[in-house]
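The values are calculated or read from the model by the stated rules, or taken from the named source; none is laboratory data. Just so we're clear, the structure is a prediction, and the values are computed from it rather than from any experiment. Here the Cβ positions follow ideal geometry from the backbone for every residue, glycine too, while neighbour counts run over all protein chains shown. Just the protein is used for accessible areas: all its heavy atoms, side chains included, with ligands, DNA and RNA removed. Shrake-Rupley method; radii C 1.70, N 1.55, O 1.52, S 1.80 Å.
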Amino acid sequence: MINYLKSESYRLLRKKGTHITGLICLLLIVAAAATLYFFEQFDPNFPYATSKFFYSNVISGGLLIVIVGLIYNTALTGKDLSLIKQSISFGISRNIIFWSKLILTLSYFLLICVVGIVLMIALGENLFTGENQSVRNFLLACVNMAPIVLSGFFLTHTLKMLKVGEVYIFIVLLFIFGLSGSLLRVFRPFAGLRELHKNAPNTLLNDNLMSYLDGAAQFNYHYWVVGIVISVISLLIGAKKFANKNID
(Lines give C-alpha, C1' and ligand atoms only; values in the text may rest on other atoms or scores of the structure.)
Protein backbone atom coordinates (compact mmCIF):
# COMPACT_ATOMS: atom_id res chain seq x y z
CA MET A 1 0.00 0.00 0.00
CA ILE A 2 2.90 2.34 0.79
CA ASN A 3 4.27 2.05 -2.75
CA TYR A 4 0.84 2.72 -4.26
CA LEU A 5 0.38 5.73 -1.97
CA LYS A 6 3.73 7.10 -3.10
CA SER A 7 2.80 6.61 -6.75
CA GLU A 8 -0.59 8.27 -6.34
CA SER A 9 0.91 11.06 -4.24
CA TYR A 10 3.42 11.80 -7.00
CA ARG A 11 0.64 12.03 -9.58
CA LEU A 12 -1.50 14.17 -7.29
CA LEU A 13 1.29 16.67 -6.72
CA ARG A 14 1.75 16.97 -10.48
CA LYS A 15 -1.89 17.94 -10.98
CA LYS A 16 -2.01 21.65 -11.79
CA GLY A 17 -5.75 21.75 -11.26
CA THR A 18 -5.55 20.99 -7.53
CA HIS A 19 -2.91 23.69 -6.97
CA ILE A 20 -4.89 26.22 -8.99
CA THR A 21 -8.09 25.38 -7.08
CA GLY A 22 -6.34 25.86 -3.75
CA LEU A 23 -4.83 29.15 -4.90
CA ILE A 24 -8.20 30.41 -6.13
CA CYS A 25 -9.84 29.55 -2.79
CA LEU A 26 -7.18 31.47 -0.85
CA LEU A 27 -7.35 34.41 -3.25
CA LEU A 28 -11.13 34.56 -2.81
CA ILE A 29 -10.62 34.84 0.95
CA VAL A 30 -8.16 37.69 0.44
CA ALA A 31 -10.51 39.34 -2.07
CA ALA A 32 -13.42 39.17 0.37
CA ALA A 33 -11.30 40.74 3.10
CA ALA A 34 -9.99 43.42 0.75
CA THR A 35 -13.53 44.29 -0.40
CA LEU A 36 -14.84 44.75 3.13
CA TYR A 37 -11.75 46.72 4.13
CA PHE A 38 -12.07 48.94 1.03
CA PHE A 39 -15.68 49.85 1.80
CA GLU A 40 -14.81 50.55 5.42
CA GLN A 41 -12.17 53.07 4.38
CA PHE A 42 -14.71 55.03 2.33
CA ASP A 43 -17.54 54.67 4.80
CA PRO A 44 -16.58 54.49 8.50
CA ASN A 45 -20.18 53.49 9.26
CA PHE A 46 -20.09 50.50 6.90
CA PRO A 47 -21.77 47.81 9.07
CA TYR A 48 -20.19 44.70 7.56
CA ALA A 49 -16.50 45.44 8.14
CA THR A 50 -16.35 43.21 11.21
CA SER A 51 -14.54 39.98 11.86
CA LYS A 52 -17.86 38.35 12.75
CA PHE A 53 -19.36 39.07 9.33
CA PHE A 54 -16.12 38.15 7.55
CA TYR A 55 -16.01 34.74 9.25
CA SER A 56 -19.71 34.15 8.49
CA ASN A 57 -18.80 33.81 4.81
CA VAL A 58 -17.25 30.44 5.64
CA ILE A 59 -19.94 29.29 8.07
CA SER A 60 -22.64 30.03 5.47
CA GLY A 61 -20.69 28.33 2.67
CA GLY A 62 -21.04 24.67 3.66
CA LEU A 63 -22.44 23.60 0.29
CA LEU A 64 -19.77 25.58 -1.57
CA ILE A 65 -17.02 23.88 0.45
CA VAL A 66 -18.53 20.49 -0.37
CA ILE A 67 -18.43 21.42 -4.07
CA VAL A 68 -14.76 22.39 -3.69
CA GLY A 69 -14.27 18.93 -2.18
CA LEU A 70 -15.76 17.49 -5.38
CA ILE A 71 -13.05 19.26 -7.37
CA TYR A 72 -10.31 17.81 -5.17
CA ASN A 73 -11.90 14.38 -5.36
CA THR A 74 -11.72 14.53 -9.13
CA ALA A 75 -7.92 14.83 -8.98
CA LEU A 76 -7.47 11.06 -8.57
CA THR A 77 -10.92 9.81 -9.48
CA GLY A 78 -11.43 11.52 -12.81
CA LYS A 79 -9.58 10.38 -15.90
CA ASP A 80 -7.17 8.55 -13.58
CA LEU A 81 -9.79 5.84 -13.09
CA SER A 82 -8.76 4.52 -16.50
CA LEU A 83 -5.48 3.42 -14.86
CA ILE A 84 -7.21 1.24 -12.27
CA LYS A 85 -7.34 -1.80 -14.54
CA GLN A 86 -3.58 -1.53 -15.01
CA SER A 87 -3.03 -1.21 -11.25
CA ILE A 88 -5.16 -4.30 -10.57
CA SER A 89 -3.20 -6.28 -13.17
CA PHE A 90 -0.05 -5.51 -11.17
CA GLY A 91 -1.61 -7.13 -8.10
CA ILE A 92 -2.86 -4.05 -6.24
CA SER A 93 -6.12 -4.83 -4.45
CA ARG A 94 -9.24 -2.79 -5.01
CA ASN A 95 -9.40 -1.96 -1.31
CA ILE A 96 -5.95 -0.38 -1.47
CA ILE A 97 -6.96 1.63 -4.55
CA PHE A 98 -10.23 2.81 -2.98
CA TRP A 99 -8.75 3.89 0.37
CA SER A 100 -5.45 5.24 -0.98
CA LYS A 101 -7.16 7.66 -3.33
CA LEU A 102 -9.42 8.77 -0.48
CA ILE A 103 -6.55 9.31 1.96
CA LEU A 104 -4.53 11.41 -0.47
CA THR A 105 -7.29 13.63 -1.82
CA LEU A 106 -8.73 14.09 1.69
CA SER A 107 -5.30 15.10 3.05
CA TYR A 108 -4.86 17.74 0.36
CA PHE A 109 -8.41 19.02 0.90
CA LEU A 110 -7.96 19.25 4.68
CA LEU A 111 -4.65 21.07 4.23
CA ILE A 112 -6.30 23.74 2.11
CA CYS A 113 -9.15 24.04 4.62
CA VAL A 114 -6.75 24.53 7.55
CA VAL A 115 -4.65 27.06 5.63
CA GLY A 116 -7.83 28.90 4.65
CA ILE A 117 -9.06 29.07 8.26
CA VAL A 118 -5.70 30.35 9.49
CA LEU A 119 -5.64 32.95 6.72
CA MET A 120 -9.17 34.11 7.58
CA ILE A 121 -8.35 34.52 11.25
CA ALA A 122 -5.15 36.43 10.43
CA LEU A 123 -7.02 38.80 8.13
CA GLY A 124 -10.09 39.09 10.32
CA GLU A 125 -8.22 39.96 13.48
CA ASN A 126 -5.89 42.46 11.81
CA LEU A 127 -8.17 44.26 9.35
CA PHE A 128 -11.57 44.45 11.00
CA THR A 129 -13.28 45.46 14.19
CA GLY A 130 -13.17 42.51 16.52
CA GLU A 131 -16.04 41.26 18.63
CA ASN A 132 -15.97 39.43 21.92
CA GLN A 133 -14.95 35.79 21.36
CA SER A 134 -15.38 36.08 17.59
CA VAL A 135 -12.50 33.69 16.89
CA ARG A 136 -13.78 31.20 19.48
CA ASN A 137 -17.28 31.24 17.99
CA PHE A 138 -15.85 30.93 14.48
CA LEU A 139 -13.76 27.89 15.41
CA LEU A 140 -16.65 26.24 17.24
CA ALA A 141 -18.90 26.75 14.22
CA CYS A 142 -16.17 25.26 12.00
CA VAL A 143 -15.91 22.23 14.29
CA ASN A 144 -19.68 21.69 14.02
CA MET A 145 -19.61 22.12 10.25
CA ALA A 146 -16.59 19.84 9.68
CA PRO A 147 -18.32 16.41 9.92
CA ILE A 148 -21.11 17.51 7.58
CA VAL A 149 -18.64 18.80 5.00
CA LEU A 150 -16.48 15.67 5.33
CA SER A 151 -19.51 13.44 4.86
CA GLY A 152 -20.05 15.23 1.55
CA PHE A 153 -16.43 14.54 0.63
CA PHE A 154 -16.76 10.84 1.46
CA LEU A 155 -20.05 10.56 -0.42
CA THR A 156 -18.44 12.24 -3.43
CA HIS A 157 -15.49 9.83 -3.31
CA THR A 158 -17.81 6.84 -3.31
CA LEU A 159 -19.83 8.13 -6.24
CA LYS A 160 -16.70 9.02 -8.21
CA MET A 161 -15.15 5.60 -7.64
CA LEU A 162 -18.37 4.03 -8.91
CA LYS A 163 -18.09 6.21 -12.02
CA VAL A 164 -21.21 8.28 -11.41
CA GLY A 165 -21.20 11.36 -13.63
CA GLU A 166 -20.19 14.67 -12.11
CA VAL A 167 -23.48 16.32 -13.08
CA TYR A 168 -25.40 13.66 -11.14
CA ILE A 169 -23.01 13.96 -8.20
CA PHE A 170 -23.57 17.72 -8.15
CA ILE A 171 -27.35 17.18 -8.09
CA VAL A 172 -27.02 14.71 -5.19
CA LEU A 173 -24.82 17.11 -3.21
CA LEU A 174 -27.16 20.02 -3.94
CA PHE A 175 -30.16 18.02 -2.73
CA ILE A 176 -28.55 16.69 0.48
CA PHE A 177 -26.47 19.69 1.55
CA GLY A 178 -28.43 22.53 -0.02
CA LEU A 179 -32.10 21.60 -0.22
CA SER A 180 -32.84 18.62 2.05
CA GLY A 181 -33.96 20.65 5.06
CA SER A 182 -36.13 22.97 2.98
CA LEU A 183 -37.83 20.09 1.16
CA LEU A 184 -38.47 18.16 4.37
CA ARG A 185 -39.93 21.21 6.10
CA VAL A 186 -43.37 20.45 4.67
CA PHE A 187 -43.37 17.13 6.58
CA ARG A 188 -42.74 18.69 10.00
CA PRO A 189 -46.30 17.92 11.21
CA PHE A 190 -45.37 14.21 11.11
CA ALA A 191 -43.33 13.19 14.18
CA GLY A 192 -40.88 10.83 12.46
CA LEU A 193 -40.24 13.11 9.52
CA ARG A 194 -39.93 16.09 11.87
CA GLU A 195 -36.82 14.47 13.37
CA LEU A 196 -35.51 13.76 9.88
CA HIS A 197 -35.95 17.43 9.00
CA LYS A 198 -34.18 18.57 12.16
CA ASN A 199 -31.18 16.36 11.41
CA ALA A 200 -30.98 16.93 7.65
CA PRO A 201 -27.49 18.22 6.68
CA ASN A 202 -29.00 21.35 5.17
CA THR A 203 -30.96 22.08 8.38
CA LEU A 204 -27.89 21.52 10.56
CA LEU A 205 -25.75 23.83 8.43
CA ASN A 206 -28.39 26.56 8.66
CA ASP A 207 -28.78 26.08 12.43
CA ASN A 208 -25.02 26.30 12.83
CA LEU A 209 -24.96 29.60 10.94
CA MET A 210 -27.81 31.05 13.00
CA SER A 211 -26.11 30.05 16.26
CA TYR A 212 -22.89 31.68 15.10
CA LEU A 213 -24.63 34.91 14.07
CA ASP A 214 -26.42 35.02 17.43
CA GLY A 215 -23.07 34.72 19.20
CA ALA A 216 -24.21 31.42 20.75
CA ALA A 217 -21.98 28.97 18.90
CA GLN A 218 -21.20 25.87 20.93
CA PHE A 219 -20.13 22.33 20.23
CA ASN A 220 -23.07 20.12 19.27
CA TYR A 221 -22.59 16.37 18.98
CA HIS A 222 -25.61 16.04 16.67
CA TYR A 223 -23.52 17.39 13.79
CA TRP A 224 -20.93 14.69 14.37
CA VAL A 225 -23.49 11.90 14.70
CA VAL A 226 -25.16 12.83 11.41
CA GLY A 227 -21.83 13.38 9.64
CA ILE A 228 -20.38 10.08 10.85
CA VAL A 229 -23.51 8.13 9.90
CA ILE A 230 -23.49 9.52 6.35
CA SER A 231 -19.72 8.98 6.06
CA VAL A 232 -19.71 5.39 7.32
CA ILE A 233 -22.68 4.34 5.19
CA SER A 234 -21.20 5.99 2.09
CA LEU A 235 -17.75 4.47 2.51
CA LEU A 236 -18.91 0.98 3.44
CA ILE A 237 -21.30 0.80 0.49
CA GLY A 238 -18.71 2.36 -1.80
CA ALA A 239 -15.88 0.01 -0.81
CA LYS A 240 -18.12 -3.05 -1.14
CA LYS A 241 -19.55 -2.09 -4.53
CA PHE A 242 -16.15 -1.05 -5.88
CA ALA A 243 -14.68 -4.40 -4.83
CA ASN A 244 -17.24 -6.17 -7.03
CA LYS A 245 -17.43 -3.65 -9.86
CA ASN A 246 -16.37 -4.59 -13.37
CA ILE A 247 -13.41 -2.48 -14.46
CA ASP A 248 -13.66 -1.61 -18.15
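A few comments on the model shown:
- Any hit, the range 224-243, residues being in contact (Cβ under 8 Å) with a residue 12 or more places away in the chain, not in a helix (DSSP H, G or I) and not polar (S, T, N, Q): no
- Lone unmet requirement of (1) touching a residue at least 60 places away in the same chain (Cβ under 8 Å); (2) within 12 Å of the chain's Cα centre (by Cα); (3) farther than 17 Å from Leu139 by Cβ for Asn95: (2)
- Criterion (open to solvent by less than 50 Å² (accessible area, probe 1.4 Å), closer than 13 Å to Leu76 by Cα and among the hydrophobic types (A, V, I, L, M, F, W, C)) met by exactly one of Leu26, Leu12, Leu36: Leu12
- Within the range 127-140, considering residues that are assigned to a helix (DSSP H, G or I) and of a type outside the set (Lys, Arg), the one farthest from the chain's Cα centre (by Cα): Leu127
- Count of residues meeting criterion [touching a residue at least 40 places away in the same chain (Cβ under 8 Å), over 21 Å from Gly69 (Cβ atoms) and surrounded by fewer than 15 Cβ atoms within 10 Å (Cβ to Cβ)] in the range 101-130: 3
- Criterion violated by Asp207 - all others in (1) buried (at least 16 other Cβ atoms within 10 Å of the Cβ); (2) farther than 26 Å from Gly116 by Cα; (3) of a type in the set (Asp, Glu) satisfied: (2)
- Qualifying residue in the range 236-243 (condition: within 25 Å of Met161 (Cβ to Cβ), in contact with a His (Cβ under 8 Å, 6 or more places away or on another chain) and surrounded by 15 or more Cβ atoms within 10 Å (Cβ to Cβ)): yes
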